[in-house]
1. Tell me yes or no: at least one residue of the range 223-232 is over 30 Å from PHE127 (Cα atoms), open to solvent by less than 40 Å² (accessible area, probe 1.4 Å) and either of a type in the set (Phe, Trp, Tyr) or within 22 Å of the chain's Cα centre (by Cα) (or both).
2. From the list MET156, MET193, which one is surrounded by 24 or more Cβ atoms within 10 Å (Cβ to Cβ), assigned by the TED database to the domain that holds ILE100 and at pLDDT 85 or above?
3. Can you say whether THR172 is assigned to a helix (DSSP H, G or I), open to solvent by 30 Å² or more (accessible area, probe 1.4 Å) and at pLDDT 85 or above, as far as the supplied structure shows?
4. If I filter the range 122-130 for residues that are under 22 Å from LEU224 (Cβ atoms) and surrounded by fewer than 21 Cβ atoms within 10 Å (Cβ to Cβ), do I get at least one hit?
5. In this structure, does SER178 turn out to be surrounded by fewer than 24 Cβ atoms within 10 Å (Cβ to Cβ) and of a type in the set (S, T, N, Q)?
6. Quick check on my filter: what residues within the range 181-190 are open to solvent by 20 Å² or more (accessible area, probe 1.4 Å) and touching a residue at least 12 places away in the same chain (Cβ under 8 Å)?
7. Hey, can you tell me all the residues within the range 255-292 that are among the polar types (S, T, N, Q) and touching a residue at least 60 places away in the same chain (Cβ under 8 Å)?
Amino acid sequence: MQQLNLSGFSLYENRMTHSHDTAHDHTDHRHEGHDHGHGHGAGHVHAPANFGPAFAIGITLNTIFIVVEAVYGYASNSTALIADAGHNLSDVLGLIVAWIAVILSKRPPSVRYTYGLRGSSILAALFNAVFLLIAVGAIGWQAVLRLFNPEPVAEMTVMIVAAIGIAINGFTALLFASGRKSDLNIRGAYLHMAADAAVSAGVVIAALIIMFTGWVWLDAVVSLLIVGVIVWGTWGLLRDSTAMSLGAVPSGIDPVAVRQYLEQRPGVTEVCDLHIWPMSTTESALTCHLVMPSGHPGDAFLVQATLHLKETFGIQHTTIQIVTSAVTACTLAPEGAI
């Protein structure tokens, strides 16, 4: 058996079964005429940034604020504050779910869960999107009821409590801001907190205007406007998390460009059974068959292709199988392969 170490890769050539050790060594196996190259790129472990302290701080501050907001909402006869407390409660539950997903995603692979529990971050993002829309629906319904049956409120109390909510939720949102573009799960937590801050801001503005004009119906109107803004921002999270849970190609990866790159590799006549899917909200994987009638191109070919897919397309886990006949890979490829 020959072993070649290149830039963090371990490439093997022998008649043996696939194996990934705890360090995720990258292997090239030949069995029964089929060459398999596994590569995840140097430094392939891309664990999300540690947002544990952000979750802990956000959950603690918001839990305390929920109690304060509910008590003062009841005391000031403000359904807006009570509704906002309910919204905050849903967001705290969302943060807890997201935090659990982050912890689970760091669990090492097992015999049954060969990729670990990375996919839990996708489920958490989907749960957060659905939960946020349900909470927004409850707020919208309460606003409609208040629109037809306006009641006087203690404006100053409402303004002070809502202002505290802006500070707490805004601060919590900032804790997750750095990860909102690279991790869909963290993006969900960020949207939850940003939405809460927006709701609280709307409550403050409405209370201030009501104080000077007496337009008690304005509280409901502002709430409905905020609901529209939250739904608009959450729709993208729901769409992306649903697609990822169904194994769709991550939105940041162009599958056509990936196929074109593979087809243009020297010696490749056809690309078959190409699959690209999200392993988590931060990692993706690819498998494919490359038809190369001239035979296996060597380890350097696999290393170069794997590194390019990682650095150019952000695909961290790649499995390439080299075959010499299109009949072997393409004709028998399962339906649905791209």
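1. No, the range 223-232 has no match at all.
2. Among MET156, MET193, only MET193 is surrounded by 24 or more Cβ atoms within 10 Å (Cβ to Cβ), assigned by the TED database to the domain that holds ILE100 and at pLDDT 85 or above.
3. For THR172, the condition - assigned to a helix (DSSP H, G or I), open to solvent by 30 Å² or more (accessible area, probe 1.4 Å) and at pLDDT 85 or above - is not met.
4. Yes: the range 122-130 contains one or more residues that are under 22 Å from LEU224 (Cβ atoms) and surrounded by fewer than 21 Cβ atoms within 10 Å (Cβ to Cβ).
5. Yes.
6. Within the range 181-190, SER182, ARG187, TYR190 qualify.
7. Passing the criteria: SER280, THR281, THR282.
Results for (1) among the aliphatic types (A, V, I, L, M); (2) more than 20 Å from VAL130 (Cα to Cα), shown as yes or no for each residue.
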position: ALA248; (1), (2): yes, no
position: SER251; (1), (2): no, no
position: ALA257; (1), (2): yes, yes
position: ARG265; (1), (2): no, yes
position: ASP273; (1), (2): no, yes
position: GLU283; (1), (2): no, yes
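The values are calculated or read from the model by the stated rules, or taken from the named source; none is laboratory data. This one's a predicted model, so the numbers in the text were calculated from it and none came from an experiment. Here the Cβ is made from the backbone with ideal geometry for all residues, glycine too, and neighbour counts use every protein chain on show. These accessible areas exclude ligands, DNA and RNA; they are computed on the full protein's heavy atoms, side chains included. Shrake-Rupley method; radii C 1.70, N 1.55, O 1.52, S 1.80 Å.
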